[in-house]
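*Asks:* Starting off with a structure, shown below.
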Amino acid sequence: MPGWDIVKISLFQTITYLLGALSLGLTGSLLLPHYLSSTVQKPQAIRWVSLICATALLVYLGAVFFWRKPILIKGFELFLPSPGMAFWQTLVSSIDVVLSSLVLWVLLLGKVDIGFGAFLVVFVVAQVVGVISQVPGGIGVFESAFLWLMSDIEV
């Protein structure tokens, strides 16, 4: 398989993951204040997560709907997916993120007393913070954000 095809596949997978994580991150950051205790109603960091997620999604969807020319990189052409494909990318990736959060929630059953809805919101927001941080693999960022958000959840 040519190297350029591998790059295209990797880029498609990365964008697919980001679409799901950013969509759920936006939803989660908008819902998170509902789950937080009264001492931390709307932390500034959560507003930034919402803004970054919304901006990234709008830029991508704007490009998918309005940019029809191929993107040229060193003589290679990249085409943006159709709006229908972007929808499926977002849906499949969102399901993937929900299922991965379900695995962690099941493993923590009995250790934390939290409903899956609240857990999903915290998981997704922490995961998006890890991605936004640009730390390789989000090492330590996801865990720190997850623990910080879990400490304020009313159970």
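The values are calculated or read from the model by the stated rules, or taken from the named source; none is laboratory data. On a predicted model such as this, the values are computed, not experimentally measured, just so you know. FYI the Cβ positions are ideal-geometry reconstructions off the backbone, even for glycines, and counts take in every protein chain you see. The protein model used for the area step is the full one, side chains on, heavy atoms only, and it has no ligands, DNA or RNA in it. Shrake-Rupley method; radii C 1.70, N 1.55, O 1.52, S 1.80 Å.
*Asks:* Compute, for the chain, the length of the dipole vector about the Cα centre, with Cβ point charges of +1 (Lys, Arg) and -1 (Asp, Glu) only. Units Debye, rounded to 20.
*Replies:* 460
*Asks:* Of all the C-alpha pairs in the chain, what % are more than 21 Å from each other?
*Replies:* Summing the P(r) tail past 21 Å for the chain gives 50 percent.
*Asks:* Go through 51, 116, 84 and say which Cα lies farthest out towards the positive end of the charge dipole of the chain; charges sit on Cβ, +1 for Lys and Arg, -1 for Asp and Glu.
*Replies:* Sorting the options by dipole projection puts first 84.
*Asks:* With every protein chain kept in place and ligands, DNA and RNA left out, what is the accessible area per residue of the chain? Probe 1.4 Å, answer in Å².
*Replies:* On the way: 9410 Å² over 155 residues.
Accessible area per residue: 61 Å².
*Asks:* What residues of segment 78-94 lie in the reach of a label at residue 59, counting those whose backbone N is under 11 Å from a point 7 Å from the Cα along Cα→Cβ?
*Replies:* Within reach of a label on residue 59, which here means backbone N under 11 Å from a point 7 Å along Cα→Cβ, segment 78-94 contributes nothing.
*Asks:* Taking all protein chains in place and a 1.4 Å probe, what share, in percent, of the accessible surface of the chain do carbon and sulfur account for?
*Replies:* Answer for the chain is 73 percent, counting heavy atoms of protein chains only.
*Asks:* Using the membrane-span-like helix rule (whole DSSP H runs, Cα extent along the own axis of at least 18 Å, mean Kyte-Doolittle hydropathy at least 1.0), which helices of the chain qualify? Before the final figure, lay out the partial values.
*Replies:* Numbers: long enough: 3-35 (47 Å, 0.95); 44-66 (33 Å, 1.74); 83-108 (38 Å, 1.54); 116-133 (25 Å, 2.48).
Helices meeting the criterion: 44-66, 83-108, 116-133.
*Asks:* Follow-up question, since we're still on this one. How much length is gained on full extension from residue 102 to residue 67, taking 0.36 nm per residue of separation minus their Cα-Cα distance?
*Replies:* So the chain would gain 9.0 nm between residue 102 and residue 67.
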